[in-house]
1. Show the residue pairs that are 6+ apart or on different chains and have beta-carbon atoms under 7 Å apart, the first residue being within region 168-186 and small (Gly, Ala, Ser), the second being surrounded by fewer than 18 Cβ atoms within 10 Å (Cβ to Cβ).
2. Among the listed residues Gly378, Gly272, which satisfies the condition of being touching a residue at least 60 places away in the same chain (Cβ under 8 Å), within 12 Å of the chain's Cα centre (by Cα) and crowded, with 16+ Cβ neighbours inside 10 Å?
3. Give me the residue from region 196-221 that is open to solvent by less than 60 Å² (accessible area, probe 1.4 Å) and assigned to a loop (DSSP other than H, G, I, E, B) and, out of that set, farthest from Leu139 (Cα to Cα).
4. Give me the residue from region 348-360 that is out of contact with any Lys or Arg (no Cβ under 9 Å at 6 or more places or on another chain) and in a strand (DSSP E or B) and, out of that set, surrounded by the fewest Cβ atoms within 10 Å (Cβ to Cβ).
5. Would you point out which residue out of Thr143, Thr132 is modelled with pLDDT of 95 or more, open to solvent by less than 10 Å² (accessible area, probe 1.4 Å) and either out of contact with any Phe, Trp or Tyr (no Cβ under 7 Å at 6 or more places or on another chain) or of a type in the set (D, E, K, R) (or both)?
6. Which one of these does Gln248 not meet: (1) surrounded by fewer than 20 Cβ atoms within 10 Å (Cβ to Cβ); (2) in a loop (DSSP other than H, G, I, E, B)?
7. Identify all residues within region 153-187 that are open to solvent by 30 Å² or more (accessible area, probe 1.4 Å) and touching a strand residue (DSSP E or B) at 6+ places or on another chain (Cβ under 6 Å); write none if there are none.
8. Can you tell me which residue among Leu315, Leu330, Leu308 is open to solvent by 20 Å² or more (accessible area, probe 1.4 Å), in contact (Cβ under 8 Å) with a residue 40 or more places away in the chain, within 22 Å of Asn366 (Cβ to Cβ) and among the aliphatic types (A, V, I, L, M)?
Amino acid sequence: MSIKQKFMSRVICFSIACFILLTLGCKKDKEPINTKEELESYLLEEMETQNIPALATLVFKEDKVLFESYEGHANIDDNLLLSGSHPFLLASMSKTITAAALLRLFDQGEFVLDDSINNYLDFDVNVPGSETPITFRMLLTHTSGIADGSALDGQYYYGKDSPVELDYFLENYLVPGGEYYDKKENFHDFEPGEDHEYSNIGSALIAVLVEQISGRSFNDFCKEEIFAPLGMTNTFWRLGEIDGVIVQPYNRVLTKYEEIEHYTFTDYPNGGLRSTAYDMHRFFQAYCNDGVSNGYVLLKPKTVKTVLTPQIPDLDATVGLHMFLMDEDLELWGHDGGEQGVATIMAFNKSTNIGAIILANQGDANLDEMLKEAYEFGELQ
């Protein structure tokens, strides 16, 4: 290339770059969504763009619902439109309920967060080669060193609840000599408390602790201590307990929806809850109201504050107690989830007491931007 050609090439590139910068500079900031109609239109556009069969959206401020929408089909083949009473599989958003169950026992003085969990279990859990005890706080912040091994892959059951008892599975997964034990796969290679790795099986162990401390099944404990008093009438851990419609999970394969049979997994407390946006609003409003919802004290105000306070700032400043700071600019705390055929997300701001919940029955859906738009709509109301 000649010197002249090189010069002309640089001029052209510079001109293109200037045009792009000028064009971007002239673009107006995105207009905020002010009305319910505008938010509804935006959500419908996202459903079409992302191929989401059904979408439940709820925006709230404390106990007041600011916006509620149920769009699409709970079941495509049956041409069944989504309603507010149809529960979705929540995936990892379920962990917020699991944590609340344990923290109710904490509020009752049954343990302190930095106690060793082995003092409360009828089997010992230790990271191989480590003498550092695993604590309740470590389980609630994903710093226990317990890992998700391949044994979990074989614990999905389609069309029925898992026949394997939760405590049996956890003991045989975590104790040497157990049926599912693998010290390389089931544990990380760091000392408990010294690193942060998200752990589904660690969350399931929380439910076993609830059972062994309370003397009740985890399912019964949640019904009696959370669901019934909060009026969460469409919330279930067990597939076999649901008589009505369940939102059908789907995969999107090329241009078609692939139905996924309703399923459960043995370690269900980490992601197997089925609920509605309205029911979960009743749960999360407690975090916006110093622990109270439906006139019921779910958690003490001090405990709520602890949940929403970074617990491991040296490792990850976004981690509370089974809650995460999901948007630092908007100060949104919450949790999301993803499983076969479902995507879920919720978050709230403790200062404004505004939150949003979005549930979708398509596993590849990205709900982050929708959550932000829904929350910001709530701020404008």
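1. Listed pairs, sorted by first residue: Gly178/Asn172.
2. Residue meeting the stated conditions: Gly272.
3. Within region 196-221, the first condition is being open to solvent by less than 60 Å² (accessible area, probe 1.4 Å), and the residues that meet it are 196, 199-214, 217-219, 221.
Subset that is assigned to a loop (DSSP other than H, G, I, E, B): 196, 199, 217.
On the way: His196: 10, Ser199: 8, Ser217: 19 Å.
Of everything passing the filter in region 196-221, Ser217 is farthest from Leu139 (Cα to Cα).
4. At the first step, the residues of region 348-360 found to be out of contact with any Lys or Arg (no Cβ under 9 Å at 6 or more places or on another chain) are 348-349, 351, 357-360.
Among the residues that remain, those that are also in a strand (DSSP E or B) are: 348-349, 357-360.
On the way: Phe348: 28, Asn349: 20, Ile357: 29, Ile358: 27, Leu359: 31, Ala360: 30.
Within region 348-360, the match that is surrounded by the fewest Cβ atoms within 10 Å (Cβ to Cβ) is Asn349.
5. The unique qualifying residue is Thr143.
6. Unmet condition: (1).
7. Tyr156, Tyr157, Tyr158, Asp161 - these are the residues of region 153-187 that are open to solvent by 30 Å² or more (accessible area, probe 1.4 Å) and touching a strand residue (DSSP E or B) at 6+ places or on another chain (Cβ under 6 Å).
8. Working: Leu315 fails: within 22 Å of Asn366 (Cβ to Cβ); Leu308 fails: within 22 Å of Asn366 (Cβ to Cβ).
Step by step, each of Leu315, Leu330, Leu308 is checked, and only Leu330 is open to solvent by 20 Å² or more (accessible area, probe 1.4 Å), in contact (Cβ under 8 Å) with a residue 40 or more places away in the chain, within 22 Å of Asn366 (Cβ to Cβ) and among the aliphatic types (A, V, I, L, M).
The values are calculated or read from the model by the stated rules, or taken from the named source; none is laboratory data. All of these numbers come straight from a predicted model, not from anything done at the bench. Heads up, the Cβs are rebuilt from the backbone with ideal geometry, glycines too, and the neighbour counts pull from every protein chain shown. Remember, those area values only see protein heavy atoms, side chains included, never the ligands or the DNA or RNA. Shrake-Rupley method; radii C 1.70, N 1.55, O 1.52, S 1.80 Å.
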